[in-house]
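Beneath this line is the structure, given in C-alpha cells, with notes to follow.
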Amino acid sequence: MAKVPVKIVSWEEIVEWSKGLAERIRGDGFQPDVVIAVSRGGFVPARLICDFLDVTNLLSIQSQHWVEAARMAEKAILRFPYRVDLSGMRAILVDDIVDTGDTLQLARDFVVREWRPSELKVAALQWISSVAKIRPDYYYLEVRDWTWFQYPWTRLEDTMQFIVRIFREDERARGRSLSEDEIAWLFREFYGVDPRQLGLYWGLALKRLVEKGILRLEDGRYYLAKAG
Ligand code: ADP
C-alpha cells in the first residue's frame, strides 16, 4: 500500500475529462460569455473548456495557499486582486480539482463581489467530495478516497517534491545516500507509481534537484544537501 496515493493523469485523460465537463455544462443549458481560470491549476482545463464550448473570452485569477509568517496555518490568498467589469456577462470559474475548496471559494466570492457577472457557475474536473467544503456546480469526476492527482502540467514540480519527501520521510533514506535505482525503488513503494511512467521528467527532476543544490551527487549516489 502506497504511503501517499498518487495517480498519474495523462494528457489524453485531461482532454477526455475536459470534454466530459464541457458536455455537463452544455447539457445544463449554460453557455458562458467568459471563462475564468483559477490559476495555476485551472489554466489548461479552462482553455480546453473554451475550445469545447466555443468561448473566446478567457480570464484568470490566481488563488493559492500561503503559509503565514510565524504561523503554521495555511491561508488562501489572491495574488493579484485586479478588477474588471463583467456586468451583463455569464461567467464560469474553472479549476482542476476541488480539494479543500478554500482557494476556489475565495476566488468565487471575489469574482461575485468585485467583477459582478450576471451569473457565475463553478466547474472542476474533479471534486474530492469527502474533504471539500464546497461542491462545484459542475464536475466530471467525484473522488471519495483522497489521492494526489499528478497532472501533466505539474509533472516536474511534483516529481522533484516527491523525491525530496522520500529523503526526508523514509527511514531507509533519511541521512543516507542512495543510487538512482534505490530512489526509484522507494518511489514505487512510497507513491505506488513506477518512475518509468514519468518519462523524461524522472531524469530531469533528479538533474534539477542537483542543480538547485537540494541533492548532492557523488560517485553515482544522491543525498540530501539541505536540512529542513
Ligand atoms: P481548492 O480545493 O479550492 O482547489 P486547494 O488549496 O485544496 O484548494 O487546492 C489548490 C490547488 O492545488 C488545486 O487547484 C490543485 O491545482 C492543487 N491540488 C490540491 N489538491 C490536489 C490533489 N489532491 N491532487 C492534485 N492537485 C491538487
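Any chance you could count how many residues in region 4-30 are surrounded by fewer than 18 Cβ atoms within 10 Å (Cβ to Cβ) and over 15 Å from Q150 (Cβ atoms)?
11
What is the number of the single condition among (1) closer than 12 Å to A123 by Cα; (2) assigned to a strand (DSSP E or B); (3) within 12 Å of the ligand (Cβ to nearest atom) that P45 does not meet?
That leaves (2) as the condition not met.
Could you tell me whether R108 is modelled with pLDDT of 95 or more and at positive phi? Break it down stepwise before answering.
On the way: modelled with pLDDT of 95 or more: yes; at positive phi: no.
No, not satisfied.
Which members of region 1-42 meet the condition of being part of a loop (DSSP other than H, G, I, E, B) and β-branched (V, I, T)?
Correct list: V4, V9.
Identify the residue in region 117-155 that is open to solvent by less than 60 Å² (accessible area, probe 1.4 Å) and part of a loop (DSSP other than H, G, I, E, B) and, among all such residues, is farthest from the ligand (Cβ to nearest atom).
P117
Looking at I183, I97, which is the one that is part of a strand (DSSP E or B), β-branched (V, I, T), crowded, with 16+ Cβ neighbours inside 10 Å and modelled with pLDDT of 95 or more?
Result: I97 is the single residue among I183, I97 that is part of a strand (DSSP E or B), β-branched (V, I, T), crowded, with 16+ Cβ neighbours inside 10 Å and modelled with pLDDT of 95 or more.
I'm trying to understand the selection: among the residues of region 98-116, which are in contact with a Pro (Cβ under 9 Å, 6 or more places away or on another chain) and either outside the structural domain of S39 (by TED's automatic domain parsing) or more than 8 Å from the ligand (Cβ to nearest atom) (or both)?
F110, V111, E114, listed by residue number.
Scan region 31-40 for residues that are open to solvent by 10 Å² or more (accessible area, probe 1.4 Å) and either aliphatic (A, V, I, L, M) or closer than 15 Å to D137 by Cα (or both) and jot them down.
Q31
The values are calculated or read from the model by the stated rules, or taken from the named source; none is laboratory data. Computed from a predicted model, the values in this text were never measured in an experiment. We place every Cβ from the backbone using ideal geometry, glycine too, and count neighbours over all the protein chains shown. Ligands, DNA and RNA are stripped out before the accessible areas are found, and what is left, the full protein with its side chains, is counted by its heavy atoms. Shrake-Rupley method; radii C 1.70, N 1.55, O 1.52, S 1.80 Å.
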